[in-house]
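A.B. asks: Input: one structure, supplied below.
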Amino acid sequence: MAGNKTLTIIKPYAVNDGYIGSILSRINDAGFRITAMRFTHLNIKDAQAFYAIHKDKNFFDRLTAFMSSGPIVVAILEKDNAVADYRKLIGATNPEEAEEGTLRKLFGRNMEANAVHGSDSDENADIESNFFFSKMERF
Ligand code: GDP
């Protein structure tokens with residue numbers, strides 16, 4: 001059975017561009033409940049640890065530099081079938097290829113600055129939630 005939690009990050013440019021409210025409102029309108037949330041700023045080591053799975057990719061240095069370049073908002077979202085439904089709401093990795101109306105199409109600038117992160121599996125949703133939130137902060 002699909003899990004009911006996913007983790008999202010509103011990435012630095014989307015925060016800087018003033019899209020936090022619009023993005024959270026679309027998340028709520030799509031039926032997700034926000035069960036944990038933090039405004040924070042990753043240092044380069046945190047960003048490298050979060051994206052360790054991509055450490056051998058040619059975009060790793062650019063991605064981690066970008067993700068540590070400014071404040072982000074991190075949240076745990078709850079809904080039936082959360083991972084798949086949220087991936088649908090955010091759209092394709094490349095904002096240019098994302099469907100109309102998706103968060104990445106609406107608010108993304110380019111591949112790194114694609115507005116939001118969304119977990120790609122239930123297992124990673126758990127790992128990523130534990131990365132950002134202590135047990136007491138997870139409901
Ligand atoms: P996601 O699950 O759609 O976020 O995509 P991935 O897990 O494959 O990649 C993580 C993040 O790395 C993406 O959200 C992008 O910001 C970035 N990324 C992925 N692939 C590429 C790429 O080919 N080029 C660049 N520049 N960035 C990428």
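Each reported figure results from applying straightforward, stated rules to the coordinates on display, with no laboratory input. Note that the structure is a prediction, hence the values are computed from the model and not measured. Reconstructed Cβ throughout: ideal geometry from the backbone, glycine too, with neighbour counts over all protein chains shown.
A.B. asks: Please enumerate the residues belonging to the range 85-120 that are touching a residue at least 24 places away in the same chain (Cβ under 8 Å) and either in contact with a strand residue (DSSP E or B) (Cβ under 6 Å, 6 or more places away or on another chain) or exposed (fewer than 14 other Cβ atoms within 10 Å of the Cβ) (or both).
C.D. replies: Tyr86, Arg87, Ile90, Leu103, Val116, His117, Gly118, Ser119
A.B. asks: Then there's this: Give the residues of the range 43-57 that are within 17 Å of the chain's Cα centre (by Cα) and more than 16 Å from Ser69 (Cβ to Cβ), sorted by residue number.
C.D. replies: Scanning the range 43-57 gives Ala49, Ala52, Ile53, His54.
Results for (1) part of a helix (DSSP H, G or I); (2) of a type in the set (Phe, Trp, Tyr), shown as yes or no for each residue.
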{"position": "Asp80", "(1), (2)": "no, no"}
{"position": "Val83", "(1), (2)": "yes, no"}
{"position": "Thr93", "(1), (2)": "no, no"}
{"position": "Arg104", "(1), (2)": "yes, no"}
{"position": "Met111", "(1), (2)": "no, no"}
{"position": "Asn114", "(1), (2)": "no, no"}
{"position": "Glu123", "(1), (2)": "yes, no"}
{"position": "Phe131", "(1), (2)": "yes, yes"}
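A.B. asks: If we keep just the residues of the range 38-78 that are buried (at least 16 other Cβ atoms within 10 Å of the Cβ) and assigned to a strand (DSSP E or B), which is nearest to the ligand (Cβ to nearest atom)?
C.D. replies: Ile72
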